[in-house]
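Here is the structure we will look at.
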Amino acid sequence: MTTPAVEEYLAVAFRLQEEGTAVTVAALAQRLSLSHASVSLMVKRLAQEGLLERQDGELRLTPEGEQRGADVVRRHRLAERFLFDVLGLAWDDVHDEAGRWEHVLSPAVEERLDGVTGHPDSCPHGHPIPGREEALPEGLCSLS
């Protein structure tokens, strides 16, 4: 069962992997502002659900965990784009608001946000929107 807490862990792990930062209990605890004990419990749960695995002393999202994390990050970044471009919210305010939206957007609304914002490649902060990689012209690769 996916809860906002599970989605938040998957999104943070996805972002850490995206940055090239090691996914560890300490890194998750720092990003989520939670205790190591709380994070360790959730990591165990995510591993039992097949979303996260330990590999060479680090944590790694499984393919399913990575897809689910990417989906949350995609909704978040599309929401940021909409809030900034369409509603005119301040650049530094869109992140917190999008953090609430990322857990409630349906696939239909996500698709409409994508269309209304012109199928953007990045959020207002310059981070790539997951799902755009396959749109790269042949012979090019993503720098991320």
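Average accessible surface for the stretch 1-75: 52 Å² per residue, computed with a 1.4 Å probe over protein heavy atoms with every protein chain in place.
Close amide H partners of Ser122, meaning residues 5 or more places away or on another chain with modelled amide H under 5 Å apart, are Ile129.
To test your reading of the geometry: what angle, between 0 and 90 degrees and rounded to tens, separates the Cα axis of helix 36-48 from the longest principal axis of the chain? Value to nearest ten degrees: 80. Per atom type, the chain shows carbon and sulfur on 53% of its accessible surface, probed at 1.4 Å.
Just order 75-82, 28-35 by mean Cβ neighbour count inside 10 Å, highest at the front, would you?
Those peptides, ordered most packed to least, come out 75-82, 28-35.
How many angstrom separate the Cα center of the stretch 80-135 from the Cα center of the stretch 39-69? Using only Cα atoms, the two centres lie 26 Å from each other. Principal axis extents of the C-alpha atoms in the chain (largest first, rounded to whole Å): 41, 37, 26.
Of Thr117, Ile129, Gln48, which is farthest towards the positive pole of the chain's charge dipole, taken about the Cα centre with +1 and -1 on the beta-carbons of Lys, Arg and Asp, Glu respectively? In the chain, that residue is Gln48.
The values are calculated or read from the model by the stated rules, or taken from the named source; none is laboratory data. Quick caveat, the model's predicted, so the values are computed rather than measured. Glycine gets a Cβ as well: all are built from the backbone with ideal geometry, and neighbour counts include every protein chain shown. These accessible areas exclude ligands, DNA and RNA; they are computed on the full protein's heavy atoms, side chains included. Shrake-Rupley method; radii C 1.70, N 1.55, O 1.52, S 1.80 Å.
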